[in-house]
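So the structure is just underneath, and the comments pick up after that.
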Amino acid sequence: MDCCLIVYHPYRSLDMYTREFQIDQPLFEAAWRIINDSLKTDAPLLYPPYEIALACLLLAATYRDKINMLKQYMIEAQIDVERVYEVVKLLLKYYELMTTYDADPPNNDGKQMKELLAKIPKPKITPTGSSRPSSQPNEQQLQLVMQQQGGNGQQQSTNNNGNI
């Protein structure tokens, strides 16, 4: 199967908005981190990069109480605000999931997650003196192979000599 998937990242759009709005460094860094988190969701597959960048800026600006300039820009630029808010909802759902994934609904104690993790097979730890098996032969294996080939080579040469 020959296919190619191209996903455009919203970092370039964020950079453009940063210059256009003259966004300060802390707001830019907060939006950048939110964009990093957006890549862990379905957002890059469902929405164009400029909408993701605006949603991340909107979240960062809300957190830093600088949301007015973004709202005015979205109204003037006739941006589909509903789609931007869909991205915001997606990101908020992701953050909610990240804060509650280890908690069970009734108790919120994480007991169920601990039980599941206990069932996962653990890797066997090799002693510090031995190394992991690898596809590369070690010295002993090489000597064994050489001895076997040497013995086979002598048998083949006597068979060849006997035939001549």
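So A55 fits all but one of (1) among the small types (G, A, S); (2) touching a residue at least 40 places away in the same chain (Cβ under 8 Å); (3) closer than 17 Å to I23 by Cβ; what number is the exception?
(2)
Among the residues of region 63-84, count how many are more than 17 Å from R19 (Cα to Cα) and surrounded by 13 or more Cβ atoms within 10 Å (Cβ to Cβ).
Summing the residues that are more than 17 Å from R19 (Cα to Cα) and surrounded by 13 or more Cβ atoms within 10 Å (Cβ to Cβ) in region 63-84 gives 6.
Do we find a residue being of a type in the set (S, T, Y), modelled with pLDDT under 85 and closer than 29 Å to T99 by Cβ anywhere in region 14-26?
Checked region 14-26: no residue is of a type in the set (S, T, Y), modelled with pLDDT under 85 and closer than 29 Å to T99 by Cβ.
Here is a check on your reading of the model: is Y95 among the aromatic types (F, W, Y), in contact with a helix residue (DSSP H, G or I) (Cβ under 6 Å, 6 or more places away or on another chain), at pLDDT 80 or above and closer than 19 Å to P10 by Cβ? Can you show your working first?
Working: among the aromatic types (F, W, Y): yes; in contact with a helix residue (DSSP H, G or I) (Cβ under 6 Å, 6 or more places away or on another chain): no; at pLDDT 80 or above: yes; closer than 19 Å to P10 by Cβ: yes.
Considered against the rule, which asks whether it is among the aromatic types (F, W, Y), in contact with a helix residue (DSSP H, G or I) (Cβ under 6 Å, 6 or more places away or on another chain), at pLDDT 80 or above and closer than 19 Å to P10 by Cβ, Y95 comes out as no.
Cβ contacts < 9 Å: first residue aromatic (F, W, Y), restricted to region 1-13; second residue in a loop (DSSP other than H, G, I, E, B), any location; separation 6+ or different chain. Result?
Sorted first by the residue in region 1-13, then by its partner, the pairs are Y8/P48.
Among the candidates A61, A31, single out the residue that is of a type in the set (G, A, S) and within 17 Å of Y94 (Cβ to Cβ). Let's see the steps before the verdict.
On the way: A61 fails: within 17 Å of Y94 (Cβ to Cβ).
Every option except A31 fails the conditions.
Residue by residue, here is whether (1) out of contact with any Phe, Trp or Tyr (no Cβ under 8 Å at 6 or more places or on another chain); (2) of a type outside the set (G, A, S) holds:
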site: L5; (1), (2): yes, yes
site: Y8; (1), (2): yes, yes
site: S13; (1), (2): no, no
site: I23; (1), (2): no, yes
site: P26; (1), (2): yes, yes
site: E51; (1), (2): yes, yes
site: A55; (1), (2): no, no
site: A61; (1), (2): yes, no
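The values are calculated or read from the model by the stated rules, or taken from the named source; none is laboratory data. Small disclaimer: the values here were computed from a predicted structure and weren't measured. Positions of Cβ are generated from backbone atoms using ideal geometry, with glycine treated the same way; all protein chains shown enter the neighbour counts.
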